[in-house]
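Only one structure is covered here, and it is reproduced in the block below.
The values are calculated or read from the model by the stated rules, or taken from the named source; none is laboratory data. The structure displayed is predicted, hence computed values, not measured ones. As a convention, Cβ positions derive from the backbone with ideal geometry for all residues, glycine included, and neighbour counts pool all protein chains shown. Protein only, heavy atoms only, side chains kept; ligands, DNA and RNA dropped before computing areas. Shrake-Rupley method; radii C 1.70, N 1.55, O 1.52, S 1.80 Å.
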Amino acid sequence: MKCLLCIDDTDEKGGPGTGHLLQAICDQIEEKGWGSCSAISRHQLFVDDAIPYTSHNSALCCEVQLNRPSPDELIAFCGAWLEENSAPGSDPGLCVVPCNSTTDARRLIDFGRRAKQTVLTKPDAYRLAGDIEVHLSEHGGTGQGVVGALAGAGLRLSENDGRFRGWYHLGRAGDSCRVADLTVHPFIDAVQIEATGQPLSPETVVRFGGDELKLVLKGGRQTLLVTETEDGWRTLTKAEVKRY
């Protein structure tokens, strides 16, 4: 079965981020032979003084293609891992969502989108998780991370929010490359115009806007966004991609 695994609020300033911890969980899942994990996406949530967060208030999520253990075993493992490895003083939350037709995707996605615009509470999160029967649990501190964990899962499920963890070095700023030579890499599914959402043809030449490339989640795919300039198509700069 396939499920979404999302965590939030596991870190502290100056320490390894939540993405680092989720990657460690994914590594353990694969080393145990339990299944395979997708790339990890980061989902930006509402920033407000009423919301406790470490630096940017973002949740981290991935897909898990689970082969061997039951979902309950996966949940138990992830919960124990969070309790043992989350930073002191953090408020970790865990959400596991089965990707099947019985999940109320509309309500979960709506919760994620609202969490980008307003303050939501633990009771809000637990009420929805109970209604749509997805796993939600807290593993230390105040447990406030359950809000972000549920929201992040909804945003990942929308297939059109967030940016993927990690930067790719395929050339220097100003270098040019054909779209066909970019999509040959297994981590790039599509090259798409930011303003219109249209894909570029394989022979289109793209110029690198920086030394590092960042992919975003668009249409359920790992997508490299480009923008049009006087000199042709250019990938987004590091500052521009932070919008996602």
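Figures for the structure shown
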{"quantity": "Residue-span extension gain [ARG178 to ALA239] - 0.36 nm each, minus C-alpha spacing", "calculated": "19.6 nm"}
{"quantity": "Accessible area, probe 1.4 Å, largest first, for residues PHE46, PHE208", "calculated": "PHE46, PHE208"}
{"quantity": "Calculated P(r) tail over 20 Å for segment 95-153, as whole % of Cα pairs", "calculated": "17"}
{"quantity": "Stokes-Einstein D (µm²/s) once Rh is taken as the Kirkwood radius of segment 120-186 over alpha-carbon pairs, at 20 °C in 1.002 mPa s", "calculated": "140"}
{"quantity": "Calculated P(r) of the chain - Cα pairs past 24 Å, %", "calculated": "47"}
{"quantity": "Segment 198-211 - phi-based ³J(HN,Hα) in whole Hz, Karplus 6.51/-1.76/1.60, Gly and Pro as x", "calculated": "7, x, 8, 5, x, 8, 5, 9, 10, 9, 6, x, x, 6"}
{"quantity": "Net dipole in debye of the chain [+1 Lys, Arg Cβ; -1 Asp, Glu Cβ; about Cα centre; nearest 20]", "calculated": "460"}
{"quantity": "Rg/Rh ratio calculated on Cα atoms of segment 154-204 (Kirkwood radius)", "calculated": "0.99"}
{"quantity": "Range of Cα positions in segment 102-244 per principal axis (Å), largest first", "calculated": "51, 31, 26"}
{"quantity": "Three-way shape label, segment 161-244, alpha-carbon gyration tensor, a/c 1.5", "calculated": "rounded"}
{"quantity": "Accessible-area composition of the chain, carbon plus sulfur, in percent [1.4 Å probe]", "calculated": "46"}
{"quantity": "Cα centre as origin, Lys/Arg/Asp/Glu Cβ charges: segment 67-170 dipole, Debye", "calculated": "460"}
{"quantity": "Area of TRP233 that stays accessible when all protein chains are in place (1.4 Å probe, Å², to 10)", "calculated": "60"}
{"quantity": "Furthest towards positive pole of dipole, ILE25, ALA105, VAL206, structure part the chain, Cβ charges", "calculated": "VAL206"}
{"quantity": "Segments 211-217, 67-73 sorted - mean Cβ within 10 Å per residue, highest first", "calculated": "211-217, 67-73"}
